[in-house]
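The values are calculated or read from the model by the stated rules, or taken from the named source; none is laboratory data. Fair warning: this is a prediction, and the values are worked out from it, not measured in the lab. Glycine gets a Cβ as well: all are built from the backbone with ideal geometry, and neighbour counts include every protein chain shown. All accessible areas refer to the heavy atoms of the entire protein, side chains included, with ligands and DNA or RNA removed. Shrake-Rupley method; radii C 1.70, N 1.55, O 1.52, S 1.80 Å.
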Amino acid sequence: MVSTRSLRLASCELAFWVVSVFSFTIGGVSQVSAQAAPPATASAQASSNRAQPEPINFDDHEGWTQIFDGKTLNGWDGPPDVWHVEDGAIVGESSAEHPSGTTNIIWHGGEPANFRLRMEMKLEGAGANGGVQYRSRIVPLNSRPIPADATPEVKQRMEQSQALALKRGKWNMSGYQMDFDFGNRYTGQLYEQSTPRGIVAWRGQVVATEPGKKPTLLSTLGTSDDLKAFIKPGEWNQVEIIADGNTLVHIINGHVMSVLVDTDSQFSAAKGLIALEIEGGGTLKISHRNIWLKPLP
């Protein structure tokens, strides 16, 4: 039987006894139960209880729903001067002449609760900073006041930024985000957009939260630099998010980047919107393709 204590959400090998395994989540902790199978021959037992799982197959779509058709933005809503479809991908672009600011394109096909979400992402441009919002919501803007002692240059820059944010206000979001930046300083971490918590689980961390307490490190998955080596700058990367109860898992190119068990009722979200984010300075481009969603029980 696999005990919860020995279960580690990293790239480790799981040995299964001859059981019918089912899992369920209570208060963010995954419980695993087993029901004894009928007696089998010794040779059958030997071959079945040491079998390796099937290999990673990112193209296995059985039970999944494609939520982007690869041709149109049907079902998606974002500022049209930022987002478009190009070569089978949802693409966001920004430049000094036409800045995107921080904004999103939102999928309006529902508010999933427990699910697996897969896509491929590619970032181009040194300033590119994006991410995937999930279990998120649209919230009013919370503009920062301009300091009274701001220089004319700073004041002008902040006024321009606020005007752009106001223009993008209907797509302003708060909630869980799988972060992704071109420099891969933050890629894979769990960031909470527009809340006081900010970065909750850094790359390489398994973190738990409880009401009224600071987040607690439970385990490490490797160093941030070790995991960074699996991310491909300027190329397509396979991304998966698993949201199951209070447990949230971020995976890139088959490697677990961060895990959060979020039982802080002040901030945790049981369901919400899915969206793609863009921000950053300079000329940049963020592309997303092969977007698939699979509901979990």
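I'd like the full set of residues that are among the small types (G, A, S) and open to solvent by less than 60 Å² (accessible area, probe 1.4 Å), limited to region 146-162.
We begin by selecting, within region 146-162, every residue among the small types (G, A, S); these are 148, 150, 161.
If the condition is that a residue be among the small types (G, A, S) and open to solvent by less than 60 Å² (accessible area, probe 1.4 Å), then A150 is the only one that fits.
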Considering region 171-198 alone, what residues qualify as being under 15 Å from I106 (Cα atoms) and not aliphatic (A, V, I, L, M)? W171, N172, S174, G175, Y176, Q177, Q193
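Here is a yes/no grid of residues against (1) in contact with a Lys or Arg (Cβ under 8 Å, 6 or more places away or on another chain); (2) at pLDDT 95 or above:
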position	(1), (2)
R135	yes, yes
S143	no, no
E159	no, no
A165	no, no
D179	no, yes
T187	yes, yes
L190	no, yes
R197	no, yes
V207	no, yes
Top-ranked residue in region 109-144 [being within 24 Å of F267 (Cβ to Cβ) and over 16 Å from the mean Cα position of the chain (by Cα); ranked as most open to solvent (accessible area, probe 1.4 Å)]: R144
Looking at A208, A269, A243, A275, which one is in contact with a Leu (Cβ under 6 Å, 6 or more places away or on another chain) and in contact (Cβ under 8 Å) with a residue 12 or more places away in the chain? A208
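Every residue in region 246-266 that is outside any strand (DSSP E or B) and touching a residue at least 40 places away in the same chain (Cβ under 8 Å), please. Give the derivation first.
Narrowing region 246-266 to residues outside any strand (DSSP E or B): 246, 253-254, 263-266.
Once the filter is applied, which keeps residues that are outside any strand (DSSP E or B) and touching a residue at least 40 places away in the same chain (Cβ under 8 Å), region 246-266 yields N246, G254, T263, D264, S265, Q266.
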